[in-house]
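One structure below.
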Amino acid sequence: MVAMTRVERWERRAEVPLLLLSLAFLVAYAWPVLDPRLDRGWREFFETVSWTVWAAFALDFVVRLGLADDRRDYAVRHWYDVALIAVPMLRPLRLLRLVALLRILDRSAAGSLAGRTLVYVSGAAVASVGLASLAVLQAERDAPDATITSFGDALWWACVTVTTVGYGDYSPVTTQGRVIAVVLMVVGIGVVGSVTASVATAMLARAERERRTSG
């Protein structure tokens with residue numbers, strides 16, 4: 001049995017608190033987007049929650065960096081953590097911290113590689129669609145000639161885009177919305193294909209196990 005490193009021990013201890021903070025950030029980010037008539041007091045409260053979560057994740061990264069044997073190498077390998085902490089304009093992308101949930105699900109997933117892959121890619125697909133729906137709604141709702149004006153519209157657009165179907169009934173008109181669309185298209189090409197491949201692999205593995213059992 002391979003002993004865990006100091007960073008791995010910290011990550012295991014911090015896993016559940018970070019998951020709860022991720023969910024808190026999701027609520028704090030999504031609620032004002034879904035309810036544009038939210039009063040100022042609640043908006044300030046959710047903004048405070050968002051910055052508090054940002055500070056907690058920044059502290060987590062600083063601790064992990066301090067525990068790493070090679071700090072430069074660790075920072076390079078976790079460049080996305082550095083970017084999401086250092087650049088406040090990317091705050092909505094911190095919803096990607098919900099991958100902490102995937103690490104927990106991974107321990108209860110099937111022991112095979114196919115089972116673990118299915119957990120990760122399915123979670124990534126759902127998170128991508130949800131995040132893109134919120135982000136594009138926030139960018140598009142008040143734009144002139146916008147076609148995406150409700151969460152239902154945004155969710156439908158995200159599902160169509162991530163699967164690269166592209167009906168064209170809803171499309172972003174702002175620069176920010178189009179950037180979100182490009183990112184979602186790129187994610188869709190990889191994630192949706194991976195979901196399909198993982199499901200097929202899992203089914204084949206199950207069929208093989210049943211064949212061996214019956215044989």
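What the table shows:
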read-out: Gain on full stretching of the segment that runs from ILE189 to GLU210 - 0.36 nm per residue minus C-alpha separation; value: 4.3 nm
read-out: At most 13 other Cβ within 10 Å, DSSP loop - trypsin sites (Lys or Arg not before Pro), the range 1-45; value: ARG37
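Read-outs throughout are calculated quantities, based only on the coordinates presented, and are distinct from any laboratory measurement. Keep in mind it's a predicted model, so treat the numbers as computed, not measured. Positions of Cβ are backbone-derived with ideal geometry, glycine not excepted, and every protein chain shown enters the neighbour counts.
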